[in-house]
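The values are calculated or read from the model by the stated rules, or taken from the named source; none is laboratory data. On a predicted model such as this, the values are computed, not experimentally measured, just so you know. We place every Cβ from the backbone using ideal geometry, glycine too, and count neighbours over all the protein chains shown.
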Amino acid sequence: MPSPRIAIAGAGLGGLTCARVLQLHGFDDVTVFERESSPDARQQGGTIDLHAGSGQEAIRAAGLFDEWRALARFEGQEQRRVDPVTAELIEHEPPEGDFRPEIDRGQLRKLLLDSLAPGTVSWGVGIGSARPGEVTFLDGSTATFDLVIGADGAWSRVRRALSAASPQYTGVMFVETRHDDDEQLLGLTGQGTMVADDEGLMLWAQRNSGNHIRAYACMRAREDWRPSNAQLLELYADWHPSLRAFLTGEPIHRPLYALPVPHTWEHTPGVTLLGDAAHLMPPLGVGANLAMEDAADLALAIAEHGVREGVRTYESAMLPRAVDAQERTNAGLLDMVPERPIRV
Ligand SMILES: Cc1cc2nc3c(=O)[nH]c(=O)nc-3n(C[C@H](O)[C@H](O)[C@H](O)COP(=O)(O)OP(=O)(O)OC[C@H]3O[C@@H](n4cnc5c(N)ncnc54)[C@H](O)[C@@H]3O)c2cc1C
């Protein structure tokens, strides 16, 4: 019997994990359609901690556990909390065990990409819309498949085939800055993550590989607020100068969006969703793990039960798991950045 034709929208961590696990189980008619023109079209930012039990199980299912371990930064599990006014260390978790080592997102994505059969990803092919078993590409052409998997992230086009929901602004803004080889900032950040907070203003910094740091200032703000460095520094005026130094460098504004909870849909043969397309939630360290876990679960369920029953089995486990994670991350965001005061 020929392999079912499977289309995956999006070559993010979720889409690539799904393609890899399907190929490992003998599915040889899997295509990933990615709207970006090449693997390097956009800098793949940040660092991802793969959790034991979710992301790590997915990378194991992808047959890439040893390769991931060789790249993972176990020392990146270090957590430091510092006082915003004095910059003194007030809590410290040394890096221990292997519950959630870090890896650069770019390294993880490359590991997955390199593991796929040549030609699996069609670069520069965006999906405009989908229906069960059919996609319409951005150039207007269409193609049919046994299954269309929407792994196309927060602003998924495939999602519209199953649900009318769209992401809503959470009221919380991240402003990201990047720093290279800065000894003072590296010292404050340590090997992993540093966090400081003061009445609804937060700052956290994460060490990536190669002495690179990504810092995120975080506050309640208007959705369209686009602060300059000077405005940020003014907002954090009471903070210690060494912490305010994280607020220099080009600011990248990231208003945070989330899908409503619960986000669910009627099982519909021929189309399903995974990752952010299914359950976009505040970025508190679980989204990529869940996307990869969804992806591995879906592929394994298809391998065991076939396309039709496999999707049903996957959705019946994934949807309640997603609701649980959405509720936890929404509560976590509220705890981190309470509704009052609104800073900007
Ligand atoms: C600042 C920040 C930090 C984060 N840190 C962490 C963390 O430490 N740990 C963690 O677990 N999660 C983290 N997350 C969340 C995590 O990034 C996401 O949950 C995860 O990337 C979701 O993976 P995905 O494969 O579902 O979607 P994505 O990674 O968004 O991939 C979607 C892909 O689909 C492509 N695409 C989009 N539209 C189309 C289209 N129409 N046609 C074709 N292709 C399309 C996109 O170009 C992209 O390649 C963070 C998020 C943010 C914003």
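Here are a few things to note about the model shown:
- Between 316, 242, the distinction of being out of contact with any Ser or Thr (no Cβ under 9 Å at 6 or more places or on another chain), in the same structural domain as residue 228 (by TED's automatic domain parsing) and either away from the ligand (no atom under 16 Å from the Cβ) or free of Cβ contacts under 8 Å to residues at least 24 places away in the same chain (or both) belongs to 242 only.
- Residue within the stretch 273-288 that is more than 12 Å from the ligand (Cβ to nearest atom) and out of contact with any strand residue (DSSP E or B) (no Cβ under 9 Å at 6 or more places or on another chain) present: no
Residues checked against (1) touching a Phe, Trp or Tyr at 6+ places or on another chain (Cβ under 6 Å); (2) of a type in the set (A, V, I, L, M, F, W, C); (3) closer than 21 Å to residue 134 by Cα:
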| position | (1), (2), (3) |
| --- | --- |
| 149 | no, yes, yes |
| 152 | no, no, yes |
| 158 | no, yes, yes |
| 178 | no, no, no |
| 182 | no, no, no |
| 198 | no, no, no |
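- Extreme residue, surrounded by the fewest Cβ atoms within 10 Å (Cβ to Cβ), among residues of the stretch 12-34 that are under 16 Å from residue 148 (Cβ atoms) and of a type in the set (Asp, Glu): 29
- Residue check, residue 101 in contact with a strand residue (DSSP E or B) (Cβ under 9 Å, 6 or more places away or on another chain) and surrounded by fewer than 19 Cβ atoms within 10 Å (Cβ to Cβ): no
- Of all residues in the stretch 107-128, none satisfies being closer than 30 Å to residue 236 by Cβ and assigned to a strand (DSSP E or B).
- Condition check for residue 296: within 16 Å of the ligand (Cβ to nearest atom), buried (at least 19 other Cβ atoms within 10 Å of the Cβ) and either in contact (Cβ under 8 Å) with a residue 24 or more places away in the chain or part of a helix (DSSP H, G or I) (or both): yes
- Any hit, the stretch 35-42, residues being over 30 Å from residue 144 (Cβ atoms) and buried (at least 20 other Cβ atoms within 10 Å of the Cβ): no
Listed here are the residues, each with its yes/no results for (1) crowded, with 20+ Cβ neighbours inside 10 Å; (2) under 30 Å from residue 217 (Cα atoms).
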site: 59; (1), (2): yes, no
site: 65; (1), (2): no, no
site: 76; (1), (2): yes, yes
site: 80; (1), (2): yes, yes
site: 83; (1), (2): no, yes
site: 89; (1), (2): no, yes
site: 93; (1), (2): no, yes
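- Counted as qualifying within the stretch 1-103 are the strands (runs of 3 or more DSSP E) with 1 or more residues that are within 15 Å of the ligand (Cβ to nearest atom), namely 6-9, 30-34, 47-49, 79-82.
- Going through (1) on the phi < 0 side of the Ramachandran plot; (2) outside any helix (DSSP H, G or I); (3) over 21 Å from the mean Cα position of the chain (by Cα) one by one, residue 249 falls short only on (1).
- Meets criteria (in the same structural domain as residue 54 (by TED's automatic domain parsing) and surrounded by fewer than 22 Cβ atoms within 10 Å (Cβ to Cβ)) for residue 306: yes
- Subset of the stretch 256-270 (residues that are within 13 Å of the ligand (Cβ to nearest atom) and over 17 Å from residue 168 (Cβ atoms)): none
- A single entry from 270, 285 fulfils the requirement of being more than 19 Å from residue 203 (Cα to Cα) and in contact (Cβ under 8 Å) with a residue 12 or more places away in the chain: 270.
- Filter result for the condition that a residue is touching a Lys or Arg at 6+ places or on another chain (Cβ under 9 Å), of a type outside the set (Gly, Ala, Ser) and not in a strand (DSSP E or B), over 260, 283: 283
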